[in-house]
Amino acid sequence: MIARMSKYDFVLFAAQSADFVEKLRELGLVDITTAGWEPSEEDRQLMLDIEAGNKALDFLRAWAEEPAHKDAEARPYASGEEAFRQYTAAQRAAAASRTEIARLEKSADELRPWGEFDVDRAQKLAGQGIVLRYFSAQRNTYDKMLAQWSEQYTLSEISRTDSTVWFIVVAAPGQEIDLDAQEMKAPQMDIRQAEQAIAAEEAKVAALDAEFARAAASAELLAAHVASLKERLQGIKVEATAQQAADGALVVMEGWAETETSAKVDALLEEYPNVVYIKSDPTPEDNTPVKLKNGWFSRIFELVGDMYARPKYGTLDLTPFFAPFYMLFFGICLNDAGYGLILLGMGLWLLHKNPKPGMMRQAAWFATMCATATLLFGLFCGSFFGLNLKDYFPSIPFFDFQGQFFSIALAIGMVQILFGMLISVCVTARTFGVRYSLGSMGWFIILLAASVAGGLPMLNEKWVIPGFTVSSPAFYAVLGIGAVLMLFFNTPGRNPLLNLGSGVWNFYNNLTGLLSDVLSYIRLFAIGLSGGVLALVFNSLADGFVPDGANIAVRILIMLPILLVGHGINLFMSTISSFVHPMRLTFVEFYKNAGFEMATRNFEPLQKVKSER
């Protein structure tokens, strides 16, 4: 559900605004509207510093966990600002040294074939008219042409590999040399000098560990510094978007608080001097921030809804309604009890590793719930790592997924679409009145009647409702009622003829859209079937590599690597599909038919930023 909000309009002296914002931050219950804020160059730099500070904390945490970097005697810096400044300088120096090391290593690879030589002596020879030219050639070419080249030039082989030969030619200044070989640039140093330069740069990087150790020891101060930067950015946004009044002597701010906790806000405002405020309920024209307040189960699936958008204030939070469907769809798409066991183990492990409330624990519960659905549906269909459990337990009537689920997938889609339409009808009736929902209600009645009278017998011949079939008077009577509502009551207060034309047009659009929406649910069958087929293929592939008459040890040694790799790939790909496609069905088909409207802002109250380490 969406938490109820109360709107506040504050008027106070401009000189008090910074202190007032700090009091609201300490209270941690008020979201100040900062719409239209355009950051200046200084503000952008502040945002970059915050991002860099967060990255520094992540780097230092990982750096300090390495056994080689345990330095208990490292002395922390005097402040978080100094720690950030010194860390940034050290990181830049380390990056420059690593770049130079990469360049030198590339040069060393080019110099290594030439071995150790005196660069100065080679330059002195050039001054005396003896020039050394450097070449490389294919080994076969060099061996074939060596005698011919030796007749024309003075050359000497320096080194060779299985494929390449490096050699030099002694020539006069400006002499043209025609060889089937690649001439190379004269080395400016030998391999010894390159290795010494690499060692010097590596020593610089190692010396910077002392700076990183001090920065890691100052992590708490650095975290506090980053938190202060975030609070400073909050204050800048509020001050920049506050409306000026009375020639800048007064400021006007708009704030929001949960109605449930607004009494605490009222108490602060009553005590704070020289502030005038108006408290009111939100109107449809307001850009009201949204906060969700759901139960334990629905809260797990809020992360799915947040990937699209939160619902607009004044509408209905659809999370509790799509959560069971999403869980079911995930289990249908993955559709294997063995894979469900693996995901369940991972989910339980994540729950153990993340005991505190937060995003990671929510994700762990999400994985656990989806894994549970996969395990149950996989057992229902009798699939375990691609094995058909019916072959081992013939007395158990497992569900025939491949033979029966195609039509059931369409039926599930129709159920969710009708459920979404019913939600839309109820929301419209609650918000604007029943008469504004009559047109949608007529369309819902038509679809429901057609599904019950025509769809149920298609799934099972025994599910025919006596007296309500596609040829019964009751069916046509219900269709007539739905058609009248849809065609003549779609827009209350308008000319009936205009309503009729609009209703016919809406009927065409809704019918074509409904067909594509329902067909989209075939993907549940297709993804579940493809994953099962791939699992079966990997099982057959592993079994096919086993020689006839092999004992159990040989079978395990041959089959286990193939099964681990094959099922690992299938589990990875199928899990991604099982995560993405139910999300698409939720956001496209269900949200559309349920009349979802997205919010443009979430409820983010001013509060003291925690300096997490």
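Values for this structure:
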{"quantity": "Pair list, Cβ < 7 Å and 6+ apart or interchain, from the stretch 293-304 residues that are part of a loop (DSSP other than H, G, I, E, B) to residues that are of a type in the set (S, T, N, Q)", "calculated": "Asn294/Thr319; Phe301/Thr319"}
{"quantity": "Matching option when the condition is touching a residue at least 60 places away in the same chain (Cβ under 8 Å) and either part of a strand (DSSP E or B) or surrounded by fewer than 16 Cβ atoms within 10 Å (Cβ to Cβ) (or both), among Tyr313, Tyr326, Tyr308, Tyr339", "calculated": "Tyr308"}
{"quantity": "Hits in the stretch 578-588 (condition: open to solvent by 40 Å² or more (accessible area, probe 1.4 Å) and of a type outside the set (A, V, I, L, M))", "calculated": "Phe579, His581, Arg584"}
{"quantity": "Residues that are modelled with pLDDT of 90 or more and either polar (S, T, N, Q) or over 21 Å from Lys592 (Cβ atoms) (or both), drawn from the stretch 304-326", "calculated": "Thr319"}
{"quantity": "Filter pass, Tyr8 being part of a loop (DSSP other than H, G, I, E, B) and open to solvent by less than 80 Å² (accessible area, probe 1.4 Å)", "calculated": "no"}
{"quantity": "Criterion: within 23 Å of Gly595 (Cα to Cα) and not basic (Lys, Arg) - qualifying residue of Thr428, Thr469", "calculated": "Thr428"}
{"quantity": "Residue check for Asp49: open to solvent by less than 30 Å² (accessible area, probe 1.4 Å), within 27 Å of the chain's Cα centre (by Cα), among the acidic types (Asp, Glu) and within 28 Å of Thr600 (Cα to Cα)", "calculated": "no"}
{"quantity": "In the stretch 155-174, residue most open to solvent (accessible area, probe 1.4 Å) [restricted to those that are modelled with pLDDT of 85 or more and not in a strand (DSSP E or B)]", "calculated": "Asp162"}
{"quantity": "Qualifying positions in the stretch 378-415 - in a loop (DSSP other than H, G, I, E, B) and open to solvent by less than 50 Å² (accessible area, probe 1.4 Å)", "calculated": "Gly382, Gly386, Phe398, Phe399"}
{"quantity": "Search result, residues across the stretch 538-568 that are within 31 Å of the chain's Cα centre (by Cα) and within 18 Å of Asn388 (Cα to Cα)", "calculated": "Phe538, Leu563, Gly566, His567"}
{"quantity": "Residues of the stretch 282-292 that turn out to be within 20 Å of Thr34 (Cα to Cα) and either part of a helix (DSSP H, G or I) or touching a strand residue (DSSP E or B) at 6+ places or on another chain (Cβ under 9 Å) (or both), as a count", "calculated": "7"}
{"quantity": "Residue in the stretch 5-18 that is of a type outside the set (Val, Ile, Thr) and without any contact (Cβ under 8 Å) to a residue 40 or more places away in the chain present", "calculated": "yes"}
{"quantity": "Of all residues making up the stretch 373-396, the number that are among the aromatic types (Phe, Trp, Tyr) and over 36 Å from the mean Cα position of the chain (by Cα)", "calculated": "2"}
{"quantity": "Filter result for the condition that a residue is within 21 Å of the chain's Cα centre (by Cα), assigned to a helix (DSSP H, G or I) and farther than 12 Å from Cys333 by Cα, over Phe572, Phe590", "calculated": "Phe572"}
{"quantity": "Tally, over the stretch 492-528, of residues that are modelled with pLDDT of 80 or more and crowded, with 17+ Cβ neighbours inside 10 Å", "calculated": "9"}
{"quantity": "Check on Lys279, part of a strand (DSSP E or B), touching a helix residue (DSSP H, G or I) at 6+ places or on another chain (Cβ under 9 Å) and surrounded by 14 or more Cβ atoms within 10 Å (Cβ to Cβ)", "calculated": "yes"}
{"quantity": "Condition check for Ile446: outside any helix (DSSP H, G or I) and either polar (S, T, N, Q) or open to solvent by 20 Å² or more (accessible area, probe 1.4 Å) (or both)", "calculated": "no"}
{"quantity": "All positions within the stretch 233-260 that are modelled with pLDDT of 85 or more and open to solvent by 30 Å² or more (accessible area, probe 1.4 Å)", "calculated": "Leu250, Val252, Glu254, Thr259, Glu260"}
{"quantity": "Qualifying residue in the stretch 595-612 (condition: surrounded by 13 or more Cβ atoms within 10 Å (Cβ to Cβ) and part of a helix (DSSP H, G or I))", "calculated": "no"}
{"quantity": "Filter result for Leu111 (surrounded by 13 or more Cβ atoms within 10 Å (Cβ to Cβ) and in contact with an Asp or Glu (Cβ under 7 Å, 6 or more places away or on another chain))", "calculated": "yes"}
{"quantity": "The stretch 175-187, residues that are open to solvent by 40 Å² or more (accessible area, probe 1.4 Å), closer than 24 Å to Phe117 by Cα and of a type outside the set (S, T, N, Q)", "calculated": "Glu183, Met184, Lys185, Ala186"}
{"quantity": "Enumeration of residues in the stretch 188-232 that are open to solvent by 50 Å² or more (accessible area, probe 1.4 Å) and not in a helix (DSSP H, G or I)", "calculated": "Gln188, Met189"}
{"quantity": "Residue satisfying all of: in the stretch 59-80; open to solvent by 90 Å² or more (accessible area, probe 1.4 Å) and not hydrophobic (A, V, I, L, M, F, W, C); modelled with the lowest pLDDT among these", "calculated": "Lys70"}
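Condition check ((1) under 56 Å from the mean Cα position of the chain (by Cα); (2) hydrophobic (A, V, I, L, M, F, W, C); (3) surrounded by 17 or more Cβ atoms within 10 Å (Cβ to Cβ)) across all residues:
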{"position": "Thr99", "(1), (2), (3)": "yes, no, no"}
{"position": "Arg103", "(1), (2), (3)": "yes, no, no"}
{"position": "Gly115", "(1), (2), (3)": "yes, no, no"}
{"position": "Val119", "(1), (2), (3)": "yes, yes, no"}
{"position": "Gln123", "(1), (2), (3)": "no, no, no"}
{"position": "Gly127", "(1), (2), (3)": "no, no, no"}
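The values are calculated or read from the model by the stated rules, or taken from the named source; none is laboratory data. If you're wondering where the values come from, they're calculated on a predicted model, not measured in any experiment. Ideal geometry is used to build each Cβ from the backbone, glycine not excepted, and the neighbour counts take in all protein chains shown. For accessibility, only protein heavy atoms count, side chains too; no ligands or nucleic acids. Shrake-Rupley method; radii C 1.70, N 1.55, O 1.52, S 1.80 Å.
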